[in-house]
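As structure tokens, the structure follows; a few thoughts come after it.
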Amino acid sequence: MPPTTTPSFTEVFASLRDVEGWMTKFQARRLWDRASELRPGARIVEIGSYHGRSAIVLASAAPTGVEVVAIDPHGGNDRGPQQYDGEFEHGQRDHETFVTNLTRSGVIDRIRHVRKASQDATGDVPGRVQLLYIDGAHRYHPAKADIERWGDKVAPGGTLLIHDTFSSVGVTLAIGATLLISPRFRYVGRSGTMAEYRREDLILADRVSNAFRQLLELPYFARNVLFKLLILAGLRPVTKVLGGTGEWPY
């Protein structure tokens with residue numbers, strides 16, 4: 001039997017071309033890098049999996065012995081941009097597609113899927129989390145709850161990644177309420193709308209600096225909101241004139 005080789009990031013990302021979702025190459029690279037740094041015995045938790053695009057990256061990058069947990073109820077709602085409501089049948093099709101994609105990518109045995117809403121699943125993941133990726137419901141209250149409850153599980157030195165930051169109004173407001181002056185999470189930076197935070201104990205001076213660095217992202221937030229309003233108004237070409245791609249910002 002020929003020896004098995006670990007696929008490279010380039011190979012894994014290329015394999016995602018037919019996996020529907022909202023994640024750029026740079027965002028996938030950030031997920032890959034943080035997951036690959038972990039050691040056996042660590043745990044990754046993803047909130048919001050949709051068709052498995054980010055889950056495949058995380059499971060492919062994580063070393064053997066790292067647990068990968070994907071939490072998504074696949075209930076038909078909160079499926080993507082402007083898709084807050086939906087039918088259970090849509091969610092069931094999402095679930096079937098998710099399983100198919102993970103199987104085809106060869107990571108189905110690396111991922112434990114918890115098919116529950118994130119706030120009902122905290123008991124399914126006892127203990128600490130070394131890497132937490134939040135891409136669940138983007139409305140203010142559920143986003144805030146995810147950051148608060150699941151953020152409590154992030155181990156010291158661990159990583160918190162949040163998608164659609166400084167883009168989704170609900171997510172950005174939730175960050176403002178929980179992380180702007182947080183004594184526990186340092187803002188590291190972002191890849192597009194994917195922001196990275198590291199679990200640390202921050203003194204007052206660090207908290208002020210941390211808040212300032214996040215507030216510097218407000219022009220980027222305003223730009224993304226403008227692009228969304230133009231797209232909703234049927235003025236997609238205008239976003240390209242203003243430097244956008246013509247697509248929903250993510």
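The values are calculated or read from the model by the stated rules, or taken from the named source; none is laboratory data. Model, not experiment: these values are computed from the prediction. Note that we place each Cβ from the backbone using ideal geometry, even for glycine, and neighbour counts take in every protein chain shown.
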Mind listing whichever residues of region 127-161 are crowded, with 16+ Cβ neighbours inside 10 Å, in a helix (DSSP H, G or I) and of a type in the set (D, E, K, R)?
LYS144, ASP146
Determine whether region 152-159 contains at least one residue that is at pLDDT 95 or above and in contact with a helix residue (DSSP H, G or I) (Cβ under 7 Å, 6 or more places away or on another chain).
yes
Residue, modelled with the highest pLDDT, within region 76-92, restricted to residues that are out of contact with any His (no Cβ under 9 Å at 6 or more places or on another chain) and in a loop (DSSP other than H, G, I, E, B)
GLU87
Take ALA35 and decide whether it is within 17 Å of LEU161 (Cα to Cα), of a type in the set (Gly, Ala, Ser), in contact with a strand residue (DSSP E or B) (Cβ under 8 Å, 6 or more places away or on another chain) and modelled with pLDDT of 95 or more.
yes
Of (1) among the acidic types (Asp, Glu); (2) closer than 24 Å to GLN27 by Cα; (3) more than 13 Å from the chain's Cα centre (by Cα), ASP206 satisfies every one except (2)
Give the residues of region 17-26 that are in contact (Cβ under 8 Å) with a residue 12 or more places away in the chain and surrounded by fewer than 21 Cβ atoms within 10 Å (Cβ to Cβ), sorted by residue number.
GLU20, GLY21, TRP22, THR24, LYS25, PHE26
Given the conditions (1) assigned to a helix (DSSP H, G or I); (2) at positive phi, every one holds for HIS95 apart from (2)
